[in-house]
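The structure under discussion appears below in the form of structure tokens.
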Amino acid sequence: MTGIAALALFAVFTTYYVSNVRSKKIVNEEVISKHKVKQPKEFIDKRTAEQVNRKFYSHEKIQAGAQMDFVGYPSTFSKMVNSGQLTIVGQVTGSNSFVSNDLPHTIADVGVQKVLHGDSSQKNKIIRVMFLGGNIATENTSDKVVTVEYSEDRLPRAGEKIAMILSKAESGTNNIPGEFWLTQFAHKSVFFQDKDGQYRRTPEAKSIGGGTSDSNWSQNDFNAKDDKKMNDGMNKLINSKQ
């Protein structure tokens, strides 16, 4: 298959100041509160996330390739952000599959933990975001369902933290009902949180064949440099909103 898809915790420390005034010891007690650090709201617990993932990803997995050409792809991270309407950090809470033109699509429910750019009223809401790939019945029998995942378009899993640059989909896009968002330039604006806490795009597969070794190397080199540039930009933006 191939396809193209256009706490609040207050850390309170009590410090005791002792000062001598006119030979009389006076003890002044002051409570100093450190800057309030707001921790993002958790939308789903680990146990529930595991249940959601077991159900959605219970089918045979098929890895597929997809050739994508991005017209007007931005040269800088700031331009990437400005190309979308909403940039968020969120937590995946669920997934639902839809099929359009014999291609699977997944609508992920995402709880918005931070709004980095755009409509701040979306914070703490659950929004719907479309991803390419998902569950679909095979051509031979409708009884067998497989999970199609495209090479760079990794499907999200419940419980994962994810940063995304989004734009609102037009009504009826891919025959999917209800309101939902699209990721800008597909996987290029999707950053999954790694174990070290950093958000990164899924690296693109290295180009092989279809041209000279020099041209393949150039594309691989561009992809790696572009990933680093965009990853650095997203993490810098997230850290600036702490």
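We did not get these values from a lab; they are worked out from the coordinates using the rules stated. Being a predicted model, the structure only gives us computed values, none of them experimental. For neighbour counting, all protein chains shown are included, and Cβ atoms are generated from backbone atoms with ideal geometry for every residue, glycine included.
At-a-glance table
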item	result
Hz values of 3J(HN,Hα) by residue in the stretch 230-236 - Karplus curve (6.51, -1.76, 1.60), Gly and Pro given as x	6, 4, 4, x, 5, 5, 5
Among the listed pairs 125/188; 206/228; 123/195; 55/144; 195/228; 46/228, those beyond 20 Å (Cα-Cα)	125/188; 123/195; 46/228
From phi via Karplus (6.51, -1.76, 1.60), per-residue ³J(HN,Hα) for the stretch 44-53 in Hz, x at Gly/Pro	8, 8, 4, 5, 5, 4, 4, 5, 4, 5
Protection proxy ranking of 224-231, 180-187, 158-165 - average other beta-carbon atoms within 10 Å, highest first	158-165, 180-187, 224-231
Rounded to whole Hz, the Karplus (6.51, -1.76, 1.60) HN-Hα couplings of the stretch 179-196, x for glycine and proline	7, 7, 10, 10, 7, 5, 6, 6, 5, 5, 10, 10, 10, 8, 7, 8, 4, 7
Relative contact order of the stretch 34-132, defined on C-alpha pairs under 8 angstrom at six or more residues apart (%)	24
